[in-house]
Amino acid sequence: MAESWVNSAERIGADLHLELELSGTGGRRAALISALREAVRSGRLAPGTRLPPYRSLAADLGVARNTVADAYAELVAEGWLTARQGSGTQVAERAEPLGTHARVPKKTPPRVRGPRHDLRQGTPDVSAFPRTAWLTSYRRALQQAPNEAFGPGDPAGRRELREALTEYLARARGVRTEPGRIVICSGFAHALRLLFGGSGGGVLRGPLAVETYGLPFHRELLAAAGVRTRPLALDEHGAQVEELGKERAVLLTPAHQFPTGGPLHSARRGAVIDWARARGGVILEDDYDGEFRYDRKPVGAVQGLDPERVIHIGSVSKSLSPALRLGWMVLPERYVDAVLEAKGEREAWVSVLDQLTLADFIVSGSYDRHVRRMRQRYRTRRDRLVVALAAHAPQVEVTGIAAGLHAVLRLPPGSEQAAVRAAHWQGLALDGLAEFRHPEAPISAPDEPDGLVVGYATPPEHAYEAALEALCAALPAR
Ligand SMILES: Cc1ncc(COP(=O)(O)O)c(C=O)c1O
C-alpha cells in the first residue's frame, strides 16, 4: 500500500490523506480512482474543493502524470468531480451523502451542508405557520385571561381549551366526549410517556400491539419505558386486528395508517371495538393527521364508536407546528384520574398562555380557516407529485395519497436501498419503508413491500419543483 499526505494548503485548501490500495487489480489508476472516490464519498473532500494539478499530485504520490489525469477524467465522467477551463478540477457541487458531514482539518472552517431538498415525512409546511392569526389570538387570550390563569396550571389543562376541543373534535373528527375527559399534553409522544412511563409505573401495561409499520421513535420511547410491542400485520384494509391476542392495548393510526397510508377498513374498526369489549382492552387511536383528507369524506375517529374503549390522541404537530408542543388525550372515564396523577400536581409541560391561545384560535374560527387553507395547499402539492411521477417515472406506483402529508412510492422488490442511496446522492433527504418496519415483524414477501416515504409538505414552495425533479431522477428505471 502506498500512502501519501497531499498537504499543500494553497493547492487544495485542505490536507488530504490518500491511501492507494495497490493489491487489487487495475493498478495505480484504479487505486487512485477508488481512493479519491472514497475521499469524496466520506466527505473528506468537500463539494467545491479544488484538487491539486496533475503534476503535483503525481509527484506527491509517485505515480505518472497520466495516471492522475486518467483518474480525474474517470471521476468527472462518474459525476464525482467537475473540470472547468481555467479553474482546474473540483469536487462536484452536490450534497454529500447524508450522515457524512465533511471532516475537515481544524484550520479550515467546516462546510457542513444539509440535504438540498427535504422530503422526509413528519413536518408540515412551517413557512405557512399563521403568525398573524396566532398573534391575534395570543393578544386576545392575554387580555382576557383571568388573574388566576397566571398561577400554577391545572394538570388537566385550561378549561377554555378543553371546551373548545370538545366542540371541535365532535364536529371535525366525530369524537364523543366532554371537557372532564380531556387531558392536555405536549403531543402524542408525551401521551405515550404518561400512559406507559413515569415513576408510578404507568397507567397502562405492555405488551402493546402496534402496526407492523410505525414511527421508530414511538417504538423506542415505549422500549425505553420497558414496554414490549408486538407487530400486527397490515394488508389493504389496514391492521389485521383479528390477530390481536393476549394484549390489553393496541396502538393504531386508523384515519391514515402511518406510514403506508390507507384508512382502517370499517369492518376492522368494528372488529377492534369488539375485541376491546370482549377482552377489557383499550385502543390507542393516534389521530396525527386526521384533518388532512383530500379525495373522500373525512374518516371519523374510532373513538366515536365507543368512547369507553378508546384513548383518542391528537396534537397540532401536523396542523400547525410541532414546535408548539400542544396535544390532547380524550380518555375513557376510568383512566382520567390515573393520567392526571401521572401528570403531577400542576401543569409542568404546556404553557397556559399557549393553551389559552389555541382555545381562542379554535373558537374564533382561525383553526378551521388554517386547516382548510393548508388542505388546499397540500392537495396541490400531492397532485404535482402524482403528475411528475406519471410523466417521468411511470413505472413507480404512488400509494397512500388520499390523506396526510406524505405518499409512499412502491418500488420493484429489492430496489429500495439503492433508491434511497440514489436519492441521497441527488441531495434529497427521505427514508425507505424499511426504516419504519417493526424489527420483530416476520419476514413475508407481500407484507414487506419496497418503497420510499415521500413527505411533500416540507420543502419551501419555490424549491418544490426542483425537489420533484431530483426525486424523479433518483428513481429506478423500469
Ligand atoms: C405517526 C405519528 N404520530 C404522532 C405524531 C405527532 O407527534 P407529536 O404530537 O408528539 O409531535 C406524528 C408526527 O407529527 C406522527 O408521525
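Selection over the stretch 325-339 of residues that are open to solvent by 30 Å² or more (accessible area, probe 1.4 Å) and in a loop (DSSP other than H, G, I, E, B) gives a count of 1.
Within the stretch 219-250, the set of residues being touching a residue at least 60 places away in the same chain (Cβ under 8 Å) and of a type in the set (D, E, K, R) comprises R219, R230, D235. The condition of being within 16 Å of the ligand (Cβ to nearest atom) and open to solvent by 10 Å² or more (accessible area, probe 1.4 Å) does not hold for P152. Pairing residues of the stretch 169-189 that are within 16 Å of the ligand (Cβ to nearest atom) with residues that are basic (K, R), at Cβ distances under 6 Å and at least 6 apart in sequence or on separate chains, gives I182/R162; S186/R325; G187/R325.
Of all residues in the stretch 429-478, exactly one satisfies the criterion of being among the aromatic types (F, W, Y) and under 23 Å from R230 (Cβ atoms), namely F436.
Residues in the stretch 340-366 that are open to solvent by less than 40 Å² (accessible area, probe 1.4 Å) and more than 16 Å from the ligand (Cβ to nearest atom): G344, E347, V352, L356, T357, A359, D360, F361, I362, G365, S366.
Does P124 satisfy being outside the structural domain of A338 (by TED's automatic domain parsing) and either in contact with a Pro (Cβ under 9 Å, 6 or more places away or on another chain) or open to solvent by 10 Å² or more (accessible area, probe 1.4 Å) (or both)?
It is true that P124 is outside the structural domain of A338 (by TED's automatic domain parsing) and either in contact with a Pro (Cβ under 9 Å, 6 or more places away or on another chain) or open to solvent by 10 Å² or more (accessible area, probe 1.4 Å) (or both).
Residues that are within 16 Å of the ligand (Cβ to nearest atom), open to solvent by 30 Å² or more (accessible area, probe 1.4 Å) and either touching a helix residue (DSSP H, G or I) at 6+ places or on another chain (Cβ under 8 Å) or more than 20 Å from S315 (Cβ to Cβ) (or both) do not occur anywhere in the stretch 128-143.
Okay, residues lined up against (1) of a type in the set (F, W, Y); (2) touching a residue at least 12 places away in the same chain (Cβ under 8 Å); (3) farther than 25 Å from P130 by Cα:
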| position | (1), (2), (3) |
| --- | --- |
| A342 | no, yes, yes |
| F361 | yes, yes, no |
| V387 | no, no, yes |
| V398 | no, yes, yes |
| L433 | no, yes, yes |
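When each of E243, E308 is tested for being surrounded by fewer than 24 Cβ atoms within 10 Å (Cβ to Cβ), charged (D, E, K, R) and under 18 Å from W328 (Cβ atoms), the lone residue that passes is E308. Kindly evaluate A441 against the criterion of being modelled with pLDDT under 95 and in a helix (DSSP H, G or I). No; evaluated as a whole, the condition is false for this residue.
The values are calculated or read from the model by the stated rules, or taken from the named source; none is laboratory data. Just so we're clear, the structure is a prediction, and the values are computed from it rather than from any experiment. Neighbour counts are summed over all protein chains in view; Cβ atoms, including those assigned to glycine, are modelled from backbone coordinates with ideal geometry. Side chains are part of the model used for accessible areas, which takes the heavy atoms of the whole protein and leaves out ligands, DNA and RNA. Shrake-Rupley method; radii C 1.70, N 1.55, O 1.52, S 1.80 Å.
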